[in-house]
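**Student:** Have a look at this one before I ask anything.
Taken together, the values in this text are just the output of simple stated rules run on the coordinates, not laboratory data. Treat the numbers as computed from the prediction; the structure is a model and nothing was measured. Every residue, glycine as well, gets a Cβ built from its backbone with ideal geometry; the counts of neighbours run over all protein chains shown.
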Amino acid sequence: DVKVTQSSRYLVKRTGEKVFLECVQDMDHENMFWYRQDPGLGLRLIYFSYDVKMKEKGDIPEGYSVSREKKERFSLILESASTNQTSMYLCASITGYNEQFFGPGTRLTVL
Amino acid sequence: GENVEQHPSTLSVQEGDSAVIKCTYSDSASNYFPWYKQELGKRPQLIIDIRSNVGEKKDQRIAVTLNKTAKHFSLHITETQPEDSAVYFCAAEMASSGSARQLTFGSGTQLTVLP
């Protein structure tokens, strides 16, 4: 059974803090993605990775970085959290058929 | 890059009626168009998809149509039920994404089925 997990469902951080969001998949998928979801804006791609240590910027990478040291784990890093990064963050990995499986999401609030 | 527009942003229908959600895309080379359903508090899940070599695909009460010439595709839900209430997202695969297969999503449609 497909499984994508994220380290936290809810997270509250303060402005300026460094924030790590973790995503793990157990399906041996090569492609992994980080999105943020905001009302009226849909799902916007932040970064994606197609292999270990490989990463590419998505549509809104500013203020974020990523790490992919192992195939199953893709981390999103907010170097210095700001209030406009308050959002729902969704991780996904992709099957060979191109179906994206999403994690449950992390609702991040930056105060 | 690819740009996907989705309409309407909200849609209310009576139970048993049909619902139609429409999307347009900009990259004529895009060749894969999935639809995702996200229930309140849950993750998006794939409900149906279509590839550019097919004009229509149906799965029970849901169907998707694709017009490559006009660059638009639509989701049709017939005999709607209260459990169809959710946010629906369309997406298009960017054909020029290099090593990774990358989707661009529409802004979502909140469908409410009224009992």
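**Student:** Cut-off 14 Å, label point 7 angstrom out along Cα-to-Cβ of B:HIS72: give me the residues of segment B:9-36 whose amide nitrogen falls inside.
**Tutor:** B:9, B:20-26
**Student:** Residue by residue, what Karplus-based ³J(HN,Hα) values in Hz, rounded to whole numbers, does segment B:19-27 have, using 6.51, -1.76 and 1.60 with θ = phi - 60° and x for Gly and Pro?
**Tutor:** Karplus values, whole Hz, x for Gly and Pro: 10, 10, 10, 10, 9, 10, 10, 9, 8.
**Student:** Determine the shielding of peptide A:41-53 by partner chains: average, over its residues, the number of Cβ atoms on other chains within 10 angstrom of each Cβ. Before the final figure, lay out each step's value.
**Tutor:** Details: counts 3, 13, 11, 3, 6, 0, 0, 6, 2, 6, 2, 0, 0.
Average neighbour count from other chains, rounded to a whole number: 4.
**Student:** Also: Work out the length of the dipole vector of the protein assembly as shown about its Cα centre, built from +1 on the beta-carbon of each Lys and Arg and -1 on the beta-carbon of each Asp and Glu, and round it to the nearest 20 debye. If you can, show how the numbers build up before the last one.
**Tutor:** Working: 26 positive and 28 negative charges, 98 e Å.
Using Cβ point charges on Lys, Arg, Asp and Glu, the protein assembly as shown gives about 480 debye.
**Student:** Per residue of segment A:45-55, in order, report the coupling 6.51 cos²θ - 1.76 cosθ + 1.60 (Karplus, θ = phi - 60°) as ³J(HN,Hα) in whole Hz, putting x for Gly and Pro.
**Tutor:** 7, 8, 8, 9, 9, 10, 5, 4, 6, 9, 8
**Student:** Put +1 on the Cβ of every Lys and Arg and -1 on every Asp and Glu Cβ in chain A; which of A:THR86, A:GLY103, A:LEU45 then has its Cα farthest towards the positive end of the dipole?
**Tutor:** My answer, from the dipole projection, is A:THR86.
**Student:** Can you pull the percent of Cα pairs in chain B with separation above 16 Å?
**Tutor:** Working: 3736 of 6555 pairs.
The answer is 57 percent, as a whole percent.
**Student:** For peptide B:44-51, what's the mean number of Cβ atoms from other chains within 10 Å of each residue's Cβ?
**Tutor:** Working: counts 9, 4, 7, 0, 0, 3, 0, 1.
Mean partner shielding for this stretch: 3.
**Student:** Give me Rg/Rg_expected for segment A:1-83, where Rg uses Cα atoms only and Rg_expected = 2.2 N^0.38 Å with N residues.
**Tutor:** On the way: Rg = 12.9 Å, N = 83, 2.2 N^0.38 = 11.8 Å.
Segment A:1-83 yields a ratio of 1.09.
**Student:** Counting only other chains, and only Cβ atoms inside 10 Å, what mean value do you get across the residues of B:102-110?
**Tutor:** Details: counts 10, 9, 6, 9, 2, 7, 6, 1, 2.
For this peptide, the per-residue mean of nearby foreign Cβ atoms is 6.
**Student:** So if I place +1 on the C-beta of Lys and Arg and -1 on the C-beta of Asp and Glu, and nothing else carries charge, what would the dipole magnitude of chain B be about its Cα centre? I want it in debye, nearest 20.
**Tutor:** Numbers: 11 positive and 13 negative charges, 64 e Å.
Dipole magnitude for chain B comes out near 300 debye.
**Student:** Sticking with this structure for a sec: For chain B, set up a Gaussian network in which alpha carbons nearer than 10 Å are linked by springs, and say which option among B:GLN81, B:GLN60, B:GLN45 fluctuates the most.
**Tutor:** Result for chain B, Cα springs under 10 Å: B:GLN60 fluctuates most.
**Student:** A further question follows. Take each of the peptides A:33-46, B:61-74, average the number of other beta-carbon atoms within 10 Å over its residues, and list them starting from the highest.
**Tutor:** Values: A:33-46: 19.9, B:61-74: 16.0.
So the peptides A:33-46, B:61-74, ranked by packing, come out A:33-46, B:61-74.
**Student:** Given labels modelled 7 Å from the Cα in the Cβ direction, how far is it in nm from B:LYS57 to A:LYS70?
**Tutor:** Between B:LYS57 and A:LYS70, the simple spin-label model gives 3.4 nm.
**Student:** Which entries of A:LYS3/A:LYS55; A:LYS13/A:LYS53; A:LYS3/B:LYS37 have Cα-Cα distances beyond 25 Å here? Display every interim value, and only then the final one.
**Tutor:** Working: A:LYS3/A:LYS55 22 Å; A:LYS13/A:LYS53 27 Å; A:LYS3/B:LYS37 18 Å.
Result: A:LYS13/A:LYS53 exceed 25 Å.
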